[in-house]
């Protein structure tokens, strides 16, 4: 799938991250990032839950949230306001700004179609030397390989009746902790296999772009339908230009 087709697939959709997930990412960013007047980019910010938490917890930081879905950005602008917060509906590949001190990507990088080396090259240009890229995404394991196959199979036969079946199963499994609107948001993701996972090849690509892997953090799974994730923290080489 091309990058433009994938962007069109997400356009008009909303995605609200569970509070516990945004809390966990906030805690990782706060633990890893400097406590100074830094600039932070939330790449694929959804409806702004992580942006809100970062702006509240990091009072000297400026936080920018971008998302390919205008519906997400509209919801984020209504929910999160402040002089240190900005949102923009834009495909990251067309996004242009001065380099950031920290870029955060929570469950987004594996969904972005297109050439991986080009994507990582853009990330390298958008993180200042010595800055951080903090990425939550699926990693290489047998479960993720099998579930990616399931998602590709579902995608090949997608139909309204299958959407209905997936939603009914989701309500049975998660109806107590998640509302119907939140479950509906997640149906579409059952048809999207990962474009990439965190594996040796991807780590090599980050290394070639001047990123050094600094830490890994667990990202507990909350559903059998969720790919297994891990949060990886990269530091941009201070000698990079």
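The values are calculated or read from the model by the stated rules, or taken from the named source; none is laboratory data. Keep in mind it's a predicted model, so treat the numbers as computed, not measured. Note that each Cβ is placed from the backbone with ideal geometry, even for glycine, and that neighbours are counted across all protein chains shown.
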Original post:
In the range 128-137, is there at least one residue being more than 27 Å from residue 96 (Cα to Cα) and either in a strand (DSSP E or B) or modelled with pLDDT of 95 or more (or both)?
Top reply: no
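Select, from 216, 199, the only residue that is in the same structural domain as residue 20 (by TED's automatic domain parsing), closer than 23 Å to residue 142 by Cα and without any contact (Cβ under 8 Å) to a residue 24 or more places away in the chain. Reasoning before the result, please.
Values: 199 fails: without any contact (Cβ under 8 Å) to a residue 24 or more places away in the chain.
Answer to the selection: 216.
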**OP:** Considering each of 163, 115, 136 in turn, give the residue that is touching a helix residue (DSSP H, G or I) at 6+ places or on another chain (Cβ under 7 Å) and more than 26 Å from residue 218 (Cα to Cα).
**Re:** 163
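Against the definition (assigned to a helix (DSSP H, G or I) and surrounded by fewer than 21 Cβ atoms within 10 Å (Cβ to Cβ)), how does residue 21 come out, yes or no?
Details: assigned to a helix (DSSP H, G or I): yes; surrounded by fewer than 21 Cβ atoms within 10 Å (Cβ to Cβ): yes.
Taking the combined requirement at face value, the residue satisfies it.
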Subject >> Selection count where residues are out of contact with any strand residue (DSSP E or B) (no Cβ under 9 Å at 6 or more places or on another chain) and closer than 26 Å to residue 27 by Cβ, scope the range 120-172 >> reply: 2
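Keeping to the range 184-203, report how many residues are in a helix (DSSP H, G or I) and either over 18 Å from the mean Cα position of the chain (by Cα) or at pLDDT 95 or above (or both).
In the first step, residues of the range 184-203 are kept if they are in a helix (DSSP H, G or I); the result is 184-191, 200-203.
In the following step, the residues that additionally are either over 18 Å from the mean Cα position of the chain (by Cα) or at pLDDT 95 or above (or both) were identified as 184, 200-203.
Count: 5.
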Subject >> Residue, modelled with the lowest pLDDT, within the range 209-233, restricted to residues that are surrounded by fewer than 16 Cβ atoms within 10 Å (Cβ to Cβ) and assigned to a strand (DSSP E or B) >> reply: 218
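Residue under question is residue 27, and the condition is that it be at pLDDT 95 or above, exposed (fewer than 14 other Cβ atoms within 10 Å of the Cβ) and in contact with a helix residue (DSSP H, G or I) (Cβ under 9 Å, 6 or more places away or on another chain); does it hold? Outline the logic, then answer.
On the way: at pLDDT 95 or above: yes; exposed (fewer than 14 other Cβ atoms within 10 Å of the Cβ): yes; in contact with a helix residue (DSSP H, G or I) (Cβ under 9 Å, 6 or more places away or on another chain): yes.
Yes; evaluated as a whole, the condition is true for this residue.
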Subject >> Residue satisfying condition, being loosely packed, with under 15 Cβ neighbours inside 10 Å and in a helix (DSSP H, G or I), within set 206, 149 >> reply: 149
